[in-house]
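S.K.: Please find one structure pasted underneath; my questions will follow.
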Amino acid sequence: MNKQHMETFLLPADEAGIAQAVKLLQHGEVVAVPTETVYGLAANAMDDNAVAKIFTAKGRPQDNPLIAHICSMEMLPQLAENIPDSAVKLAKQFWPGPLTMVLPCTQQVADGVTAGLKTVGVRMPQHAVALSVIRQAGFPLAAPSANLSGSPSPTTAAHVMQDMYGRIPLVLDGGASTVGLESTVLSLVDEPVILRPGYITAEQIENVLGCPVTFAQALNAPLVQGQKPQSPGMKYRHYAPNAQITIVKGNLDAFIQYVSAFVEEGTWALCFEGEQGKLPLPCVSYGSYKQPETQAAALFGALRLLDAKGAKYVFARCPDETGVGIAVYNRLLRAAGFRVVET
Ligand code: TXA
Ligand code: MG
């Protein structure tokens, strides 16, 4: 079927919807499914042809590996081997949940999942629908976020429909993702290194492992020329709306003073709840300043809303870079193409 003319069905994630998704997956098709982090674009992680369809639907660069999702520890040996004790400990504590572990991979994993690396990223999602789809399908599901490559990740089925309509046969609607940001990616191939910050924080991981966990170098800075990223995903433009975003660091008063010079048509603010009335610009809010979890849940939706409003330039309030705020800042920084001003 011609991809442009494929009809995309949107079904509630009830028993019938899940059965339809499982049938399509077993026939090597791609289906969007809800998880607690963001919606995923899923296909059989052991089937090269099925995985290739994910890259086509997303327009994803071929050298960026995918995360494989499992529903039980019994599924893990299909994907990973020489599993370190640290991984078992972390799985006990955080799975199902928003933690992806990069482990040595088996031969059976489809090449597209690993993008030619000798490792595979694995996670067990904490979402009844995702777990049920994997269990009924009977194989691990490769699933990147279900957005077009480069766009903000989808946290609702409507976001997925915006990006994937005509590109995949089915979207399962399981309501809004509660976490709202992609999983923490932790490499356990060598010393533990966080390749992507997320809802599970470095401190939480350190508490389980009893040893220090470092962050990959290029996390919150652009790669310099010739630098090789520790995770291929770091290379690419990410999470970006059409609008040009600038992060303005400093307190609310400094923010107001700074943006006052730019009050014109098409200029918006991305602020925290309760700040709207104080700003000289039209605004969209993304959670409360004191609660980074609420920012995580709201950020991607807010970026999509700014596009829907026709925003051309956006000045964003900066989250506090602690705990989950580190992950929120990481996504916002990429959405802003690393444009940051200090006040
Ligand atoms: O929360 C999530 O993780 C979501 C949901 C759907 O589960 N999935 C997701 O997948 O965010 P994706 O493909 O958008 O992001 C995968 C990230 C990329 O930055 C990729 O480079 C990195 O994980 N990654 C995957 N496998 C890797 C590997 N073997 N080595 C290093 N990095 C890897
Ligand atoms: Mg993604």
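The values are calculated or read from the model by the stated rules, or taken from the named source; none is laboratory data. From a predicted model like this one, the values you see are computed outputs, not experimental measurements. Quick reminder, even Gly has a Cβ in these numbers, built from the backbone with ideal geometry, and neighbours come from all protein chains shown.
S.K.: Being out of contact with any Lys or Arg (no Cβ under 8 Å at 6 or more places or on another chain) and either away from ligand 1 (no atom under 12 Å from the Cβ) or touching a residue at least 60 places away in the same chain (Cβ under 8 Å) (or both) is the requirement here; does residue 132 meet it? Working first, answer last.
M.R.: Details: out of contact with any Lys or Arg (no Cβ under 8 Å at 6 or more places or on another chain): yes; either away from ligand 1 (no atom under 12 Å from the Cβ) or touching a residue at least 60 places away in the same chain (Cβ under 8 Å) (or both): yes.
Judged against the criteria, residue 132 is a match.
S.K.: So, one more: Can you tell me which residue within the stretch 131-153, out of those that are within 16 Å of ligand 2 (Cβ to nearest atom) and not in a loop (DSSP other than H, G, I, E, B), is farthest from residue 76 (Cα to Cα)?
M.R.: Taking the candidates together, the pick is 145.
S.K.: When the residues of the stretch 113-129 are filtered to those that are modelled with pLDDT of 95 or more and more than 8 Å from ligand 1 (Cβ to nearest atom), which remaining residue is surrounded by the most Cβ atoms within 10 Å (Cβ to Cβ)?
M.R.: 122
S.K.: For a quick check of your reading: which helices (runs of 4 or more DSSP H) sit entirely within the stretch 1-82 and have at least 3 residues that are surrounded by fewer than 24 Cβ atoms within 10 Å (Cβ to Cβ) and within 16 Å of ligand 1 (Cβ to nearest atom)? So that I can check it myself, show each step before the final result.
M.R.: Values: elements: 15-26, 48-58, 76-79.
Hits in the stretch 1-82: 48-58.
S.K.: In the stretch 77-86, is there at least one residue being farther than 25 Å from residue 31 by Cβ and β-branched (Val, Ile, Thr)?
M.R.: Yes, because at least one residue in the stretch 77-86 is farther than 25 Å from residue 31 by Cβ and β-branched (Val, Ile, Thr).
S.K.: Give all pairs with beta carbons closer than 8 Å in which a residue from the stretch 236-258 that is away from ligand 2 (no atom under 16 Å from the Cβ) meets a residue that is β-branched (Val, Ile, Thr) and assigned to a helix (DSSP H, G or I); count only pairs at least 6 apart in sequence or on separate chains.
M.R.: 248/259
S.K.: Further question: Residue 94 - would you say it is closer than 21 Å to residue 37 by Cα and under 16 Å from the mean Cα position of the chain (by Cα)? Talk me through it step by step, then tell me what you get.
M.R.: On the way: closer than 21 Å to residue 37 by Cα: yes; under 16 Å from the mean Cα position of the chain (by Cα): no.
The answer is no for residue 94.
S.K.: Residue 156 is checked against (1) farther than 16 Å from residue 239 by Cα; (2) touching a residue at least 24 places away in the same chain (Cβ under 8 Å); (3) surrounded by fewer than 24 Cβ atoms within 10 Å (Cβ to Cβ) and fails just one. What number does that condition carry?
M.R.: Result: residue 156 passes all but (1).
S.K.: Which count do you get for residues in the stretch 41-59 that are in contact with a Phe, Trp or Tyr (Cβ under 9 Å, 6 or more places away or on another chain) and not polar (S, T, N, Q)?
M.R.: 3
S.K.: Please determine, by comparing only the residues of the stretch 114-125 that are assigned to a loop (DSSP other than H, G, I, E, B) and out of contact with any helix residue (DSSP H, G or I) (no Cβ under 9 Å at 6 or more places or on another chain), which one is nearest to residue 27 (Cα to Cα).
M.R.: 116
S.K.: Condition first: at pLDDT 95 or above, part of a loop (DSSP other than H, G, I, E, B) and touching a Pro at 6+ places or on another chain (Cβ under 8 Å). Can you find one or more residues in the stretch 86-95 that meet it?
M.R.: No; the residues of the stretch 86-95 include none that is at pLDDT 95 or above, part of a loop (DSSP other than H, G, I, E, B) and touching a Pro at 6+ places or on another chain (Cβ under 8 Å).
S.K.: So if I check each of 82, 49, which one is touching a Gly at 6+ places or on another chain (Cβ under 7 Å) and modelled with pLDDT of 95 or more?
M.R.: 49
S.K.: For residue 106, are the conditions met, namely being without any contact (Cβ under 8 Å) to a residue 40 or more places away in the chain and more than 20 Å from residue 19 (Cα to Cα)?
M.R.: In short, yes.
S.K.: Answer yes if at least one residue in the stretch 54-66 is over 16 Å from the mean Cα position of the chain (by Cα), of a type in the set (A, V, I, L, M, F, W, C) and away from ligand 2 (no atom under 16 Å from the Cβ), and no otherwise.
M.R.: Checked against the condition, which is being over 16 Å from the mean Cα position of the chain (by Cα), of a type in the set (A, V, I, L, M, F, W, C) and away from ligand 2 (no atom under 16 Å from the Cβ), the stretch 54-66 yields no hits at all.
Listed here are the residues, each with its yes/no results for (1) within 16 Å of ligand 2 (Cβ to nearest atom); (2) modelled with pLDDT of 95 or more; (3) assigned to a helix (DSSP H, G or I); (4) under 14 Å from the mean Cα position of the chain (by Cα).
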residue	(1), (2), (3), (4)
172	no, yes, no, no
179	yes, yes, no, yes
208	no, yes, yes, no
222	no, no, no, no
226	no, no, no, no
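S.K.: Under 6 Å between Cβ atoms, which residue pairs at least 6 apart in sequence (or on different chains) link something in the stretch 201-222 that is over 20 Å from residue 181 (Cα atoms) with a partner that is of a type in the set (Gly, Ala, Ser)?
M.R.: Filtered contacts from the stretch 201-222: 209/86; 213/202.
S.K.: Determine, yes or no, whether residue 148 is touching a residue at least 40 places away in the same chain (Cβ under 8 Å), more than 11 Å from ligand 1 (Cβ to nearest atom), surrounded by fewer than 24 Cβ atoms within 10 Å (Cβ to Cβ) and farther than 16 Å from residue 21 by Cα.
M.R.: It is true that residue 148 is touching a residue at least 40 places away in the same chain (Cβ under 8 Å), more than 11 Å from ligand 1 (Cβ to nearest atom), surrounded by fewer than 24 Cβ atoms within 10 Å (Cβ to Cβ) and farther than 16 Å from residue 21 by Cα.
S.K.: Being more than 11 Å from ligand 1 (Cβ to nearest atom), touching an Asp or Glu at 6+ places or on another chain (Cβ under 7 Å) and assigned to a helix (DSSP H, G or I), is that true of even one residue in the stretch 102-111?
M.R.: Yes, the conditions are met somewhere in the stretch 102-111.
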